[in-house]
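K.L.:
I am attaching a structure below and will ask some questions about it afterwards.
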Amino acid sequence: RGMQANLVRYEMRTRIWSLIEALTNDPDPTQADEEKRGETYEEDPYTLTINTTRGEALEAVVQYALWVYRELGKTTEGKEALRNGFDTMPEVRSVLEHHLDPAIDPSAAVRAAYGRYLPWLQLIDKTWVVQHLDQIMPSGRFEDSLYFAAWGGYVMHVGAFDDVLPVLRERYAEAIAHLKPEGTGRRTDRDTHLVEHLMLYYMRGRLTLTDPLLQQFWSSAPAEMRGYALDFIGRNLASRANEGDPLPADAAERLQTLWGNRIAAAEASVEKTAHRAEMEAFGWWFASGKFPEKWSADQFLRALEIADNKTQIDHLVSDRLLELVDALPLEVIHILRKIVLTERPAWILLGNKEDVRTILTHALSSPIEGARAATEDLINRLAANGFPEFGDLLGP
């Protein structure tokens, strides 16, 4: 922690290293220890890293390297030396390479540390990472325990860094190919974080729809994970809306393109139920207010048609309908009708009756052709379905 906070004098480099290096040879964890903690390892290999002596020692090695990196970067001469990567800190390179040999250190806890800190290892020496990537995550051996640990340490605990994508492109492809199949139990955190990475790269423009990684994902991922992808984007949009964070125009355009691709795939599919999770997620997109009003309303209607009139986040949808009713009364009434006239409990009615009443009131007074007639019809249908309390809006 002292190194992270730059509280340690650089003159102590040699002494600090001697302590860290000694800890990297600690016998904890043994293979027997890791086998006992198998369930924990299955969930998150990095939890072993931070709960074992040698695992934490490998973390300290990386923190030491970053400390040296920062200190050298304070001078012109030091910055020049950093161009040589781990040549400026050969003690770090020696330990990292030593523990990458599975014959010497077969610990999953240790290997998870390499994944957890891979972007920072790349920051210090990209050439070293590229040269040793097949030792950190052996290509074609995704289910190997050490690969599994390194990938888990990375994808579950590291954000989607743009500079890392080119280096790990093949590993992302392997992870997509190993997404948990439909009907084999709950999705894993590794799978959801993988999807989040892919969607963030797309939102930033680092991946396009024609990129092989996204083509592989959309064509082969289970329906649940495709749904989670659009759900994750929608929640990201809602968070931006809540924090007043604008969505860049180019990102909005990319997302509209993505949605156009997914709704077209759903509408063309013989098995539309396979796309319901994606369609239900559009409720978040609609409620965010980050897209053109007419476009989002029209797309929501299309999504509801395939999603059997089900959507996510009813209360936020209700809020957005209230915002749009004066500008798009006919579309708002059509959306509201789809959501409330279903066989399931109409939660948007049960929890947002005052909003619904306001929406109906505004739509009834709209000068737009067809709006009043559509609203009157909806009020009558609501009464027939057990919600007569809006009948007074039609007058005596």
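The values are calculated or read from the model by the stated rules, or taken from the named source; none is laboratory data. Bear in mind the structure is a predicted one, so any value in this text is a computation, not a measurement. Glycine also receives a Cβ, built like all others from the backbone with ideal geometry; neighbour counts cover every protein chain displayed. Please note that ligands, DNA and RNA were not included when accessible areas were found on the heavy atoms of the full protein model with its side chains. Shrake-Rupley method; radii C 1.70, N 1.55, O 1.52, S 1.80 Å.
K.L.:
How do 56-66, 285-295 rank on mean C-beta neighbours within 10 Å, highest first? Walk me through the numbers on the way to the answer.
P.N.:
Values: 56-66: 21.3, 285-295: 19.2.
Ranking, from highest mean packing down: 56-66, 285-295.
K.L.:
Let me ask another. Considering the options Thr361, Ser220, Tyr46, tell which one lies farthest towards the positive end of the dipole of the chain, charges being +1 on Lys and Arg and -1 on Asp and Glu at the Cβ, about the Cα centre.
P.N.:
Of Thr361, Ser220, Tyr46, it is Thr361.
K.L.:
Please give the length that would be gained between Asn385 and Gln31 if that part of the chain were fully extended, namely 0.36 nm times their separation in residues minus their C-alpha to C-alpha distance (nm, one decimal). Each step should come with its number before you reach the end.
P.N.:
Details: separation 354, 0.36 × 354 = 127.44 nm, distance 6.37 nm.
The span from Asn385 to Gln31 would gain 121.1 nm if fully extended.
K.L.:
Quote the Stokes-Einstein diffusion coefficient, in whole µm² s⁻¹, for the range 81-166, based on the Kirkwood radius over alpha carbon pairs, a temperature of 4 °C and a viscosity of 1.567 mPa s. Could you put the intermediate results ahead of the total?
P.N.:
Working: Rh = 13.1 Å.
The estimated diffusion coefficient comes to 99 µm²/s.
K.L.:
So, one more: Which value, in debye to the nearest 20, gives the size of the charge dipole of the range 84-162 about its Cα centre, when Lys and Arg are +1 and Asp and Glu are -1 at the Cβ?
P.N.:
180 debye
K.L.:
Right, here's the next one. Find the centroid of the Cα atoms in the range 195-226 and in the range 129-153, then give the distance between the two in whole Å.
P.N.:
21 Å
K.L.:
Per residue, how much accessible area does the range 117-272 show when a 1.4 Å probe rolls over the protein heavy atoms, in square angstrom?
P.N.:
Counting only protein heavy atoms, the per-residue value for the range 117-272 is 43 Å².
K.L.:
If the only charges are +1 at each Lys and Arg Cβ and -1 at each Asp and Glu Cβ, what is the size of the charge dipole of the range 188-248 around the Cα centre, to the nearest 20 debye? Don't skip to the end; give the middle numbers.
P.N.:
On the way: 6 positive and 8 negative charges, 32 e Å.
That gives the range 188-248 a dipole magnitude of about 160 debye.
K.L.:
Additional query: Given the alpha-carbon gyration tensor of the range 323-371, what are the semi-axes of its equivalent ellipsoid in whole angstrom, ordered largest first, with each equal to the square root of 5 times an eigenvalue?
P.N.:
20, 12, 7
K.L.:
Taking N as the number of residues in the range 277-375, what value does Rg over Cα atoms divided by 2.2 N^0.38 Å take?
P.N.:
0.97
K.L.:
Starting at the first residue of the range 357-370, write each ³J(HN,Hα) from the Karplus equation 6.51 cos²θ - 1.76 cosθ + 1.60 with θ = phi - 60°, in whole Hz, x for Gly and Pro.
P.N.:
4, 5, 4, 5, 4, 5, 5, 5, 8, 6, x, 6, 4, x
K.L.:
What distance in nm separates the simple spin-label points at Asp308 and Met12, each placed 7 Å from Cα in the Cβ direction?
P.N.:
Spacing of the two 7 Å Cα→Cβ label points: 6.4 nm.
K.L.:
Using only the alpha-carbon atoms, how far is helix 223-243 inclined from the longest principal axis of the chain? Give it as 0 to 90 degrees, nearest 10.
P.N.:
Once rounded, one gets 80 degrees.
K.L.:
Right, something else. Can you count the Lys pairs in the chain whose Cα atoms are under 23 Å apart, with each pair 8 or more apart or on different chains?
P.N.:
Lysine pairs satisfying the spacing and distance rule in the chain number 12.
K.L.:
Given Phe291, Ala175, Ala383, which one lies farthest toward the positive end of the charge dipole of the chain, if we put +1 on the Cβ of every Lys and Arg and -1 on the Cβ of every Asp and Glu?
P.N.:
So the residue we want is Phe291.
K.L.:
How high is the relative contact order of the range 273-396, in percent, with contacts defined as C-alpha pairs under 8 Å that are six or more residues apart?
P.N.:
Dividing the mean separation by the residue count of the range 273-396 yields 21 percent.
K.L.:
Rank Val8, Val61, Tyr117 by how far each Cα sits towards the positive end of the charge dipole of the chain (+1 on Lys, Arg Cβ; -1 on Asp, Glu Cβ) and give me just the farthest.
P.N.:
So the residue furthest toward the plus end is Val8.
K.L.:
Viscosity 1.306 mPa s, temperature 10 °C: Stokes-Einstein D of the range 180-266 from its Kirkwood Cα radius, in µm² per second?
P.N.:
Values: Rh = 13.7 Å.
Using the Kirkwood radius from Cα pairs, D works out to 116 µm²/s.
K.L.:
Right, here's the next one. Go ahead and collect, in residue order, the members of the range 304-345 whose backbone nitrogen is under 13 Å from a label point 7 Å along the Cα-Cβ direction of Ile368.
P.N.:
321-336
K.L.:
Largest first and to the nearest Å, give the Cα extent of the chain along each principal axis.
P.N.:
Sorted from largest, the Cα extents of the chain read 89, 47, 36 Å.
K.L.:
Rounding to the nearest 10 and keeping the result within 0 to 90°, find how far the Cα-based axis of helix 293-306 lies from the longest principal axis of the chain.
P.N.:
Between the helix axis and the principal axis of the chain, the angle is about 90 degrees.
K.L.:
Label points 7 Å out from Cα along the Cβ direction at Trp295 and Thr53: separation in nm?
P.N.:
6.0 nm
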